[in-house]
Every structure is written in structure tokens, then in C-alpha cells.
1. Quick check on packing: order 21-32, 66-77 by the mean number of other C-beta atoms within 10 Å, highest mean leading.
2. Segment 9-49: D in µm²/s via Stokes-Einstein (Kirkwood Rh, Cα pairs, 37 °C, 0.692 mPa s)?
Amino acid sequence: MWAPKILFERDERALARVSVVNPKKTAQEIRTSVGSSASISIVKRALRRHGRLAFRLRKAPSLNAAQQRTRLKWCLQFQHWDEEKWKNMFWVPSMAVDPCPLVPINCTMSAQKYINTLEHHIVPFLEDQSLSEAYVFMQDNAPSHKAHLTRNYLLAKF
């Protein structure tokens, strides 16, 4: 049975144009910005026909019970630190700001690539600092941070 066309070629081009201008928009946001009443699945199909994909927001994984206990233990351990102690804390976030060197990463970070980044950017930065006290080197729970290769490197280096 024949169904009336919901999106015309002009509408599809408008959807694709919005997707090109802002590739991080979801299909629902693209549909809203064009003012279409088509369903999300029709919008996604139209974008695919024009070689575009709608951005899909990814949910960060929730912490499991063991990770929650570990995080709580860490927080309780350091809850009484004063500001001076926290100044000696050295964080390696995914987006570092001054005075830590910003190292652009445009690939998937493997353990070996992470070690190379540490060796060529972070360790020289730490060695150049005139740190009067010992510092704490913090990492998140990224796979490249907790890999055996990385742990062995850090144990040998520090």
C-alpha cells in the first residue's frame, strides 16, 4: 500500500545541511531545528541517504559497587587535607590547563601511547617544576591508566 511521502528531497537536504553545520546534534535536535514533524527513525533514514549520521549521546558507565567503595575510601582518606596539601596534588585530566602542558590526543589511547605521552610531556614537566614537597600523581580509571604496562612503568619511574 502506498503511503504519502513525509519528507521531500528539499526537507532531506535541510536535515543534511544542519547535520553538516553541527555534526554533534542528535537526530531529535536536527528534526527540531528544521521544524519537521517526521519521526526520529525517518530523520535518521534520510540522513543516512545523504551520507550523514546523527550523533548519538553516549552515557558514561555507572560506577559499580566496588568502584563506589574505592572512591568513598579515597575521599574519606583525604577529607582532612588542607589547601596546601591539595596544591601538591598533580592531576592528569583528559583536558589539561596551564601550567600543565596541554597534549592534544587524536587517537585511541593505548597503554603504550599513554606511557609515551608521560615520558615526552608529563615527566619532563614534573622534572622542570621546583616542587618543594612530594606530589601525588592522580589518574582516572581509563583503561590505558590501569593497564599492567602503565602500572609497571609508573612503579619503575616513581
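Only the coordinates and a few stated rules stand behind these numbers; no lab work does. Given the structure is predicted, the values throughout are model-derived calculations rather than measurements. All Cβ positions, glycine included, derive from the backbone under ideal geometry; neighbour counts span all protein chains shown.
1. 21-32, 66-77
2. The Stokes-Einstein estimate is 338 µm²/s.
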